[in-house]
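Peer 1: Pasting a structure below so you can have a look.
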Amino acid sequence: NAGVTQTPKFQVLKTGQSMTLQCAQDMNHEYMSWYRQDPGMGLRLIHYSVGAGITDQGEVPNGYNVSRSTTEDFPLRLLSAAPSQTSVYFCASSSTRTWDSSAWEQYFGPGTRLTVT
Amino acid sequence: DQQVKQNSPSLSVQEGRISILNCDYTNSMFDYFLWYKKYPAEGPTFLISISSIKDKNEDGRFTVFLNKSAKHLSLHIVPSQPGDSAVYFCAASAVGDMRFGAGTRLTVKP
């Protein structure tokens, strides 16, 4: 198993550009989520999904869109990049079969470092 | 508002001694607490968790303690090893909500 994979590893965007961060997992996990990590702030939940076709907002969803058309993939779209979206983005998935608080025991991908100029 | 706080940005301990990392939370709706470990240029790795119905959970050298009345949890690592040097994130969760602390950088000196 490759686990949770993220592409690209690094990306530089200009303000106003759009792009999609890719996330895939090959562990047949139902639960997937996206986080951003900023210096001194830990990780913050952007969006999450409890299964194909189902997504919901986390703590900081503004400026980001997600979709979950398959169990394996959970892409994160930046609609119009802003310098405030400069961050490291992590995707994660969980093997938990019950949607409860323990679903947050997650496997994380290696991250995508995004810079918006 | 930061609902999960790790007030010590860094901690340094000697190999073989105990490391104690602390975490406080404010939201009483949180019912599951987790610790993640992160090495540079990697994603976080799940370490240990505890449900709000327990006050202690052990896994090898790692023990997490939960004091619900004080809204406080701690991670004990005994004995500490140089390979434990990393950033440790405390997290608190409820259904549909997950909050992380800012992290504590642990350095274990040989």
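The numbers here are math on the coordinates, done by the rules we state, and not lab data. Predicted model, so just to flag it, every value in this text is computed and none were measured. Cβ sites come from the backbone with ideal geometry, for glycine too, and all protein chains shown count toward neighbours.
Peer 1: Give me the net charge for the shell around A:Glu30: Cβ to Cβ below 12 angstrom, other residues only, Lys and Arg +1, Asp and Glu -1.
Peer 2: Computed value for this residue: +1.
Peer 1: If we count every other residue with Cβ under 9 angstrom of A:Gly58's Cβ, Lys/Arg +1 and Asp/Glu -1, where does the sum land?
Peer 2: -2
Peer 1: When Rg is the radius of gyration of the Cα atoms in the range B:17-75 and Rh is its Kirkwood radius, what does Rg/Rh come to? Can you show the working numbers first?
Peer 2: Numbers: Rg = 12.0 Å, Rh = 12.3 Å.
Radius of gyration over Kirkwood radius for the range B:17-75 works out to 0.98.
Peer 1: Compute the convex hull volume of the Cα atoms of the protein assembly as shown, divide it by the residue count, and report the result per residue in Å³ as a whole number.
Peer 2: Numbers: hull volume 27.6 nm³, N = 227.
Normalising the Cα hull of the protein assembly as shown by residue number yields 121 Å³.
Peer 1: Looking only at other chains, what is the average number of their beta-carbon atoms within 10 angstrom of each beta-carbon in B:70-83?
Peer 2: 0
Peer 1: Residue by residue through the range A:68-73, which ³J(HN,Hα) values in whole Hz follow from phi under the Karplus form 6.51 cos²θ - 1.76 cosθ + 1.60 (θ = phi - 60°), with glycine and proline marked x?
Peer 2: Each residue of the range A:68-73 in turn: 9, 7, 10, 5, 6, 10 Hz.
Peer 1: Enumerate the calculated ³J(HN,Hα) couplings along the range A:47-60 in order (Karplus 6.51 cos²θ - 1.76 cosθ + 1.60, θ = phi - 60°), each rounded to whole Hz, writing x wherever the residue is Gly or Pro.
Peer 2: Those phi angles translate into 9, 9, 9, 9, x, 4, x, 10, 9, 8, 8, x, 6, 10 Hz.
Peer 1: What are the ³J(HN,Hα) values, in whole Hz, obtained from phi via the Karplus relation 6.51 cos²θ - 1.76 cosθ + 1.60 with θ = phi - 60°, for each residue of the range B:63-78 in sequence order, with x given for Gly and Pro?
Peer 2: Rounded to whole hertz, the list is 9, 10, 10, 10, 10, 5, 5, 8, 6, 9, 9, 9, 10, 10, 10, 9.
Peer 1: Ignore the peptide's own chain and count Cβ atoms of other chains within 10 Å of each Cβ in A:28-38; give me the average, rounded.
Peer 2: What the average comes to for A:28-38 is 1.
Peer 1: Given 37 °C and 0.692 mPa s, compute D for chain A with the Stokes-Einstein relation, Rh being the Kirkwood radius over Cα pairs; round to the nearest whole µm²/s.
Peer 2: 233
Peer 1: Could you compute Rg(Cα) / (2.2 N^0.38 Å) for the range A:30-95, with N its residue count?
Peer 2: 1.07
Peer 1: How far, in nm, would the chain grow between A:Gln57 and A:Ser84 when pulled straight, counting 0.36 nm per residue and subtracting the alpha carbon separation? Could you put the intermediate results ahead of the total?
Peer 2: Numbers: separation 27, 0.36 × 27 = 9.72 nm, distance 1.85 nm.
Gain on stretching A:Gln57 to A:Ser84: 7.9 nm.
Peer 1: Let me ask another. Taking the Cα centre of chain B as origin and charging only Cβ (+1 Lys, Arg; -1 Asp, Glu), how large is the dipole, in debye to the nearest 20?
Peer 2: Charge dipole, chain B, about its Cα centre: 200 debye, nearest 20.
Peer 1: Measuring from label point to label point, each 7 Å out along Cα→Cβ, what is the A:Thr96 to B:Ala41 span in nm?
Peer 2: Simple spin-label model gives 3.2 nm for this pair.
Peer 1: Share of Cα-Cα pairs in chain B beyond 18 Å, in percent?
Peer 2: So the pairs more than 18 Å apart make up 44 percent of the total in chain B.
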